[in-house]
Amino acid sequence: MITSSLLLLALGFSVGAFGTLIGVGGGIIFVPIFLLALHWTPQHAIGTSLAIVLLNALSGSIAYIRQKKVYYDAVIRFSLATIPGALAGGYLAEYFTGTSFRIAFGLLLVFLSIIMFFRSSPKQDVTEFDKDSFTYNRTAGVLFSVAIGFISSIFGIGGGVIHVPAMVYFLGFPTHIATATSHCVLAISSFFGVISHYFAHNILVEPALIIGLGAIAGAQFGARLSLKVKSRSILILLAVALFGLGVRLMFVAI
């Protein structure tokens, strides 16, 4: 029992640190592990993953707020936009079967791996960010956020893997501001998703707390590491791994 708890704690720390470092959240890693290694139902994998993502996002957000990287104008607008989708996603997740979820999640992983691969060569970032003069397409940002709130909740993943590239490539955010701001949006979005999944009895509370404690510590470590580490090579490797994992999930389902 102690050994398994330590393994879960280590899993949470590792994924929490890595997810915060590259701004993707840990759900895209947790859900496949829960499905393939722990053999949980799709509903338990989704709900438990999202609960851990919430803890990770809260911890990472605190770290990014201390670093003064969060753009609050976008946080408020995007967070409000994610709430309806987050609540709906928690409800609709009940209709997944094992086969349909593996196919849908496999397709999502393949799609996200392509996004991450292209994100590995982002636009030239800027060091200084003037929040008073910065402008972006708020309508497009809100529409992106509505969809991301739904995807995050129904699949139990952090929406940062989609949100950050959208903010960088389509809305013109500097990468470091997009990563920090998206983390805060995720914390609010996943909170409402967790409420929906909790009432649907999709969350395994004890594993969620153990892994979540590791994720909290890992998020703080990952945020500090982000100041020193260039994550391009890591992102490419993760994109390749997720592509292979997505194909494997679909192959197993078929």
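The values are calculated or read from the model by the stated rules, or taken from the named source; none is laboratory data. What you see is a predicted model, and the numbers here were worked out from it, not measured in a lab. Cβ: placed from backbone, ideal geometry, glycine included. Neighbour counts: every protein chain shown. Areas reflect the complete protein model, heavy atoms only, side chains present, ligands, DNA and RNA absent. Shrake-Rupley method; radii C 1.70, N 1.55, O 1.52, S 1.80 Å.
Couple of notes before you dig in:
- Accessible area expressed per residue, the chain, with surrounding protein chains retained (probe 1.4 Å, Å²): 45 Å²
- Relative contact order, percent, the chain [alpha-carbon distance under 8 Å, six or more residues apart]: 44 percent
- The radius of gyration of the Cα set in segment 134-235, together with its Dmax, comes out at 15.1, 44 angstrom.
- Rounded to the nearest 20, the size of the Cβ-charge dipole of the chain about its Cα centre is 460 debye, with Lys and Arg at +1 and Asp and Glu at -1.
- Electrostatic dipole magnitude of segment 47-183 [Cβ: Lys, Arg +1; Asp, Glu -1; Cα centre; debye, to 20]: 100 debye
- Debye log10 I(q)/I(0) at q = 0.13, 0.19, 0.21 Å⁻¹ for segment 1-121, Cα point scatterers: -0.64, -1.30, -1.45
- Within the accessible area of the chain (1.4 Å probe), percent carbon and sulfur: 71 percent
- Long-range Cα-Cα pairs in the chain (distance over 29 Å), rounded percent: 21 percent
- Helical segments meeting 15 Å axial Cα length and Kyte-Doolittle 0.5 threshold in the chain (DSSP H): 2-22, 42-66, 72-92, 98-119, 138-155, 175-199, 205-225, 232-253
- With contributions of -39500 (n - 2.57) from each DSSP H run of at least four residues, the per-residue ellipticity at 222 nm computed over the chain stands at -25500 deg cm²/dmol.
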